[in-house]
1. If we keep just the residues of the range 37-75 that are out of contact with any Leu (no Cβ under 8 Å at 6 or more places or on another chain) and of a type in the set (Phe, Trp, Tyr), which is modelled with the lowest pLDDT?
2. What is the residue count in the range 92-111 for residues that are part of a loop (DSSP other than H, G, I, E, B) and modelled with pLDDT of 85 or more?
3. Going through the range 84-95 one residue at a time, which ones are closer than 20 Å to LYS41 by Cβ and surrounded by 14 or more Cβ atoms within 10 Å (Cβ to Cβ)?
4. Output the residue which, of all residues in the range 47-88 that are more than 20 Å from ALA37 (Cβ to Cβ), in a loop (DSSP other than H, G, I, E, B) and polar (S, T, N, Q), is farthest from the chain's Cα centre (by Cα).
5. Kindly list, by first and then second residue, each pair from a residue in the range 64-76 that is within 15 Å of GLN54 (Cα to Cα) and free of Cβ contacts under 8 Å to residues at least 24 places away in the same chain to a residue that is of a type in the set (Ser, Thr, Tyr) and not in a helix (DSSP H, G or I), limited to pairs with Cβ atoms under 8 Å and residues at least 6 apart or on different chains.
6. So which of GLU34, GLU8, GLU21 is of a type outside the set (Ser, Thr, Tyr), modelled with pLDDT of 85 or more and either closer than 16 Å to TYR100 by Cβ or part of a helix (DSSP H, G or I) (or both)?
Amino acid sequence: TDAFNFAETRLTGNFLKTNKEELLASHLKGADLEVFAKGKKIYETEGYCITCHQESGTGLQKAGYPTLVGQEWVLGNEERLIKLALHGLYGPMNIMGNHYKGQVPMMAFKG
């Protein structure tokens, strides 16, 4: 799977070089595009988010990783999302009618 290949690449350090043109097509320009690119890099590498939530953001429901797509806590309050990314999230939650025990650790980016 993509997640396995990504994890293997991350662990071995055999990264492929990418061009800025390979970034997700976006309507963003200038500074906004730079912030988007940095966030994308964190999601895909330093934050390890992609491993559980997948490239599409749909997660792995059977493994206990919820979707991020269309979620109010992702699209809503920016400060709350920053805190979640920095400190992680634990505990039971219901997302789109699915119950998650929240026992799988969400890696805190800040530590």
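The values are calculated or read from the model by the stated rules, or taken from the named source; none is laboratory data. Nothing here was measured: the structure is a model prediction, and the numbers come from that model. As a convention, Cβ positions derive from the backbone with ideal geometry for all residues, glycine included, and neighbour counts pool all protein chains shown.
1. If we take residues in the range 37-75 being out of contact with any Leu (no Cβ under 8 Å at 6 or more places or on another chain) and of a type in the set (Phe, Trp, Tyr), then TYR48 is modelled with the lowest pLDDT.
2. 4
3. Start the filter on the range 84-95 by keeping residues that are closer than 20 Å to LYS41 by Cβ, which leaves 84-88.
Selection gives LEU84, ALA85, GLY88.
4. ASN77
5. Correct list of pairs: LEU68/THR58; VAL69/SER56; VAL69/THR58.
6. Values: GLU8 fails: modelled with pLDDT of 85 or more; GLU21 fails: modelled with pLDDT of 85 or more.
From the options GLU34, GLU8, GLU21, the qualifying one is GLU34.
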